[in-house]
Amino acid sequence: MTRPAAHKALVILDFDGTLYRGLCPALCRGIANADLLVVLCLISLSQPRCFFRLMREAVRLQKLQRRLTRAYEEKRLSLSSADGRLIRFFVHRIMPYCTPAALDRAAALVSRLCYPSAWRALSAVRSGCDFVVVSKSFHFLLEKVRQRAAVCDVHLRVIGTRVRRGDAGWRVEVPMTREEKAFQVRELLMDGAYGRAVVIGDTEDDIGMRDAAAEALGAESVAFIALNAKDNEIKGIARARDRPAQHLKF
């Protein structure tokens, strides 16, 4: 990434567990929405009614997460489907109890929990690269991350799950499925501005981003890095000798 090249490289990053460390990686596996819920509960402590409603929904969300994880491990459900159901639960059952100001404050606090070395690492290669985050995390949270990265002189473009508040309540505008993540990568690379790409992720859905990049640029121009890999599929891709991939763990 630091070697001179005729074409600039695009570094495509997942967020949860890749850039984002979180409050307790061993427990929450670097999932930003889990920490967002914790922070929202803490913010609402001065409003007992709201606090207990959020806690009730947090318990229900945890039970749902356990059922979906079991279904995923038993191959009865895809990762995209499981994550999509968790995100919709968050949007429909948790966000209605939160004001826009509370969500903004919580997102700003959670954005501080990225890996401390992340910005130093990206800053070291920024002269030859552009950076984009493509993630299922909420776009309003990723915007706070983008602002924090800019303070460290790292300029990120962010693409996440967008939500909108209407008369009928909060709703997800475009679900960030495996297919949508791949679509966004193709859109980023199809204009010919980049000759190389590096895809960094931690779950099987990020393999779809790698495949989309290879489709746009050719496999020889794409490197894939599995960072803190969470499932067997991405570990297998990272270990394959005939593919340009690496498996890193911190």
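Below are the figures for this structure:
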quantity: Residue check, ALA108 open to solvent by 20 Å² or more (accessible area, probe 1.4 Å), on the phi < 0 side of the Ramachandran plot and either out of contact with any helix residue (DSSP H, G or I) (no Cβ under 6 Å at 6 or more places or on another chain) or acidic (Asp, Glu) (or both); calculated: no
quantity: Residue identified as of a type outside the set (A, V, I, L, M, F, W, C) and buried (at least 16 other Cβ atoms within 10 Å of the Cβ) among ARG165, ARG157, ARG171, ARG146; calculated: ARG146
quantity: Hits in the stretch 83-105 - residues which are open to solvent by 40 Å² or more (accessible area, probe 1.4 Å) and more than 21 Å from THR177 (Cβ to Cβ); calculated: PRO96, TYR97, THR99, PRO100, ALA101, ASP104, ARG105
quantity: Any hit, the stretch 191-200, residues being at negative phi and at pLDDT below 90; calculated: yes
quantity: Which numbered condition GLU215 misses (of (1) open to solvent by less than 40 Å² (accessible area, probe 1.4 Å); (2) modelled with pLDDT of 85 or more; (3) not hydrophobic (A, V, I, L, M, F, W, C)); calculated: (1)
quantity: Among the residues listed as ALA229, ALA238, ALA182, the single one being under 15 Å from the mean Cα position of the chain (by Cα), modelled with pLDDT under 75 and either loosely packed, with under 15 Cβ neighbours inside 10 Å or not charged (D, E, K, R) (or both); calculated: ALA229
quantity: Members of the stretch 90-103 that are within 15 Å of SER137 (Cβ to Cβ) and out of contact with any strand residue (DSSP E or B) (no Cβ under 7 Å at 6 or more places or on another chain); calculated: PHE90, ILE94, LEU103
quantity: Among the residues listed as TRP170, TRP119, the single one being under 26 Å from VAL11 (Cα atoms) and either in contact with a strand residue (DSSP E or B) (Cβ under 6 Å, 6 or more places away or on another chain) or part of a helix (DSSP H, G or I) (or both); calculated: TRP119
quantity: Selection from the stretch 180-205 of residues that are over 18 Å from LEU217 (Cα atoms) and either among the charged types (D, E, K, R) or free of Cβ contacts under 8 Å to residues at least 24 places away in the same chain (or both); calculated: GLU180, ASP202, GLU204, ASP205
quantity: Residues of the stretch 185-211 satisfying the condition of being of a type in the set (Asp, Glu), in a helix (DSSP H, G or I) and open to solvent by less than 60 Å² (accessible area, probe 1.4 Å); calculated: ASP205, ASP206
quantity: Residue match in the stretch 37-45 (condition: under 24 Å from ALA226 (Cα atoms), buried (at least 20 other Cβ atoms within 10 Å of the Cβ) and modelled with pLDDT of 90 or more); calculated: no
quantity: Qualifying residue in the stretch 127-134 (condition: crowded, with 18+ Cβ neighbours inside 10 Å and assigned to a helix (DSSP H, G or I)); calculated: no
quantity: Any hit, the stretch 48-63, residues being open to solvent by 50 Å² or more (accessible area, probe 1.4 Å), over 30 Å from GLY192 (Cα atoms) and β-branched (Val, Ile, Thr); calculated: yes
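The values are calculated or read from the model by the stated rules, or taken from the named source; none is laboratory data. Please read all numbers here as calculations on a predicted model, not as lab measurements. So basically every Cβ, Gly included, is an ideal-geometry build from the backbone, and we count neighbours across all protein chains shown. Heavy atoms of the whole protein, side chains included, go into the accessibility calculation; ligands, DNA and RNA do not. Shrake-Rupley method; radii C 1.70, N 1.55, O 1.52, S 1.80 Å.
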